[in-house]
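Asks: Shown below is the structure under consideration.
The values are calculated or read from the model by the stated rules, or taken from the named source; none is laboratory data. Just so we're clear, the structure is a prediction, and the values are computed from it rather than from any experiment. All Cβ positions, even for glycine, are placed from backbone atoms using ideal geometry, and neighbour counts span all protein chains on display.
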Amino acid sequence: MSGFSIEIYLMILLLSAMIFILLRFFLAIYKPKDQKIKTTNIQNLGDREYQSNYFTIIHGRMGSLQEKFTPNFSSNNSETIFAALADGIVDTKSGRLSAILAVDVLKTNFMKKNFKSFSQFFETSKLQIQKSLGDNINSNNLNLFLTAIKIENNVIHYANSPESNNRQNHKIGNTIIVYRNKEIIYLEGNYPFFLKPKDIIMLASSGTIENLKEVYIHWYLGLTDLSLKEKGFQLQKKVLEVLKSRNSTIILLEMPAKNLAWEKRGYED
């Protein structure tokens, strides 16, 4: 083989190695859309004068909260989503202001402060919300339904106030639901919950869950030919069919079909 041919051969090897390295780097930083957590929200006033529901959804690794509960697997899925929903019990201007203040405290604490656990974060935030209501609205009572969740590494941490009172049967307060394989799972207490591929998480305000039959949740969340947004719209339509319907808010989050973390845990679609 001539010297010229050897140089060409070595150049091809070098270029191949560079392409391989660049491809690996690209795949490491690029996440296809189907590996992102999808989110949507739908809100309606109902027949009330004021919208006393308020919410936020934050995408990205913005919080410095350190969980005691750590999944025993590593993941390249660094996506973090935080969501909070406040429902002012009284559908008045004060109820709306209370909800806005509550969500603002939850959002600020999540983004800027350190807590040892999600439970500590939520309980500390509740005390601050109560003080803020006293200072700004002259109310020392926490006349709010509060919900907050954090999804990270395919685990959902969550909290509700007031805590669930057999919500599945009595439908009191905001509700957190996981829809999985034609099954509805009501998240109660404050225990971390492992999510699976294609799970749909639903946060529903008190006015939503009181006026929405469970059969419709089963039906619309299970339809494969509707987008996540369309599923939310269909659920809200059913809520609005109820006479004298209250304020209603639905937040939907859909887990991706599969990612590396799930493959390491052996989950199948």
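Asks: Cβ-Cβ distance below 6 Å, separation of 6 or more or different chains: which pairs start in the range 148-170 with a residue that is farther than 14 Å from E79 by Cβ and basic (K, R) and end on one that is at pLDDT 90 or above and not in a loop (DSSP other than H, G, I, E, B)?
Replies: As it stands, the answer is R167/T175, since those pairs meet every condition given.
Asks: Considering only residues that are surrounded by fewer than 16 Cβ atoms within 10 Å (Cβ to Cβ) and part of a loop (DSSP other than H, G, I, E, B), which ones fall in the range 175-187?
Replies: Of everything in the range 175-187, those that are surrounded by fewer than 16 Cβ atoms within 10 Å (Cβ to Cβ) and part of a loop (DSSP other than H, G, I, E, B) turn out to be N181, K182.
Asks: On to the next question. Consider S245 carefully, then state whether it is more than 20 Å from the chain's Cα centre (by Cα) and modelled with pLDDT under 90.
Replies: Spelling it out, S245 is indeed more than 20 Å from the chain's Cα centre (by Cα) and modelled with pLDDT under 90.
Asks: Turning to a different aspect of this structure: Any residue at all in the range 242-252 that is part of a helix (DSSP H, G or I), charged (D, E, K, R), touching a residue at least 24 places away in the same chain (Cβ under 8 Å) and surrounded by fewer than 19 Cβ atoms within 10 Å (Cβ to Cβ)?
Replies: no
Asks: Tell me whether the range 64-71 contains one or more residues that are surrounded by 13 or more Cβ atoms within 10 Å (Cβ to Cβ) and at pLDDT 80 or above.
Replies: Checked the range 64-71: no residue is surrounded by 13 or more Cβ atoms within 10 Å (Cβ to Cβ) and at pLDDT 80 or above.
Asks: Related question: Taking the condition of being within 13 Å of I149 (Cβ to Cβ) and touching a Pro at 6+ places or on another chain (Cβ under 9 Å), how many residues in the range 168-219 meet it?
Replies: Summing the residues that are within 13 Å of I149 (Cβ to Cβ) and touching a Pro at 6+ places or on another chain (Cβ under 9 Å) in the range 168-219 gives 1.
Asks: Would you mind stating whether E210 is at pLDDT 95 or above, surrounded by 13 or more Cβ atoms within 10 Å (Cβ to Cβ) and in a helix (DSSP H, G or I)?
Replies: no
Asks: Return the only residue of E163, E152, E183 being modelled with pLDDT of 85 or more and either more than 14 Å from the chain's Cα centre (by Cα) or under 16 Å from Y54 (Cβ atoms) (or both).
Replies: E183
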